[in-house]
Amino acid sequence: MDLVVADEGQTGAIYFIAREDDLRYGLKQPWTSIGLDASEVSLDGPLFEAHNHPRAYGSMPRFLGNYVRDLHLLPLEQGIRKITSLPAQRERLRDRGLLKAGYFADITIFDPTSIRDNATYESSTQLSEGVKYVFVNGELEYDNGRLTGATAGQVLRGPGWKSAAKDAGTALSSETAPE
């Protein structure tokens, strides 16, 4: 209760439910994909929150640096697939997850020898190391440690959203609902 009082009731939940050896076993399976359940966060400005879960700033660099490079749980190419094309295919996100003509150009360029997460529970907003550039829909959004100001991202809605919206009687336009 001290934590709830200290953050004025803003604590959502704290879970420690997986053992490290179970996590490693799961990550090695060819059918497991990796996603992220952290909310969108801001690096600065009025929407910046100093106390987030470290996964918001370090999940993929931790996976690539610690589990793929350092612990050799799987080859880099398989690790990349687990965080790109496999989740895109599972969620039926068309034209995403692969570097392919006609697909959206969502690209992260990183140094596999130096990528690592720095976010901790005590200092959760520390940026990771080794990420050089991030392109979203073909526009450079992150350039060697700084945001460029580009805002090329868009909401992605898969087939479940379309079905749920129809069930709720919501009118869908072609602009808001992908086929």
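The values are calculated or read from the model by the stated rules, or taken from the named source; none is laboratory data. Because the structure is a prediction, the values reported are computed rather than measured. Quick reminder, even Gly has a Cβ in these numbers, built from the backbone with ideal geometry, and neighbours come from all protein chains shown. The protein model used for the area step is the full one, side chains on, heavy atoms only, and it has no ligands, DNA or RNA in it. Shrake-Rupley method; radii C 1.70, N 1.55, O 1.52, S 1.80 Å.
Can you send over the carbon and sulfur percentage of the accessible area for segment 118-167, probe radius 1.4 Å, protein chains only?
49 percent
Mind checking which of ALA152, ALA119, ALA88 has the largest fluctuation in a GNM of the chain, springs on alpha carbons under 10 Å?
The residue with the greatest mean-square fluctuation here is ALA152.
Given a 1.4 Å probe, how much area per residue of the chain is accessible, in Å²?
Dividing the accessible area of the chain by its residue count gives 70 Å².
According to a simple spin-label model (label point 7 Å from Cα along Cα-to-Cβ), what is the distance in nm between LEU43 and ILE107?
The two pseudo-label positions are separated by 1.9 nm.
Return the label of the correct value of Rg and Dmax of the Cα atoms in Å, as calculated from the structure shown, out of (i) 22.7, 86; (ii) 18.2, 54; (iii) 20.1, 66.
Here the calculated entry is (ii).
Could you pull out every one of the lysines with an alpha carbon less than 29 Å from that of LYS100, ignoring same-chain neighbours closer than 8 positions?
Here the lysines satisfying the reach criterion relative to LYS100 are LYS28, LYS82, LYS132, LYS162.
Taking the Cα centre of the chain as origin and charging only Cβ (+1 Lys, Arg; -1 Asp, Glu), how large is the dipole, in debye to the nearest 20?
880 debye
For the chain, what relative contact order do you get, as a whole percent, if you take Cα pairs closer than 8 Å and at least 6 residues apart?
Normalised by residue count, the contact order of the chain is 17 percent.
Under the rule of -39500 (n - 2.57) per DSSP H run of 4 or more residues, summed and divided by the residues of the chain, what mean residue ellipticity at 222 nm is obtained, to the nearest 500 deg cm²/dmol?
-6500 deg cm²/dmol
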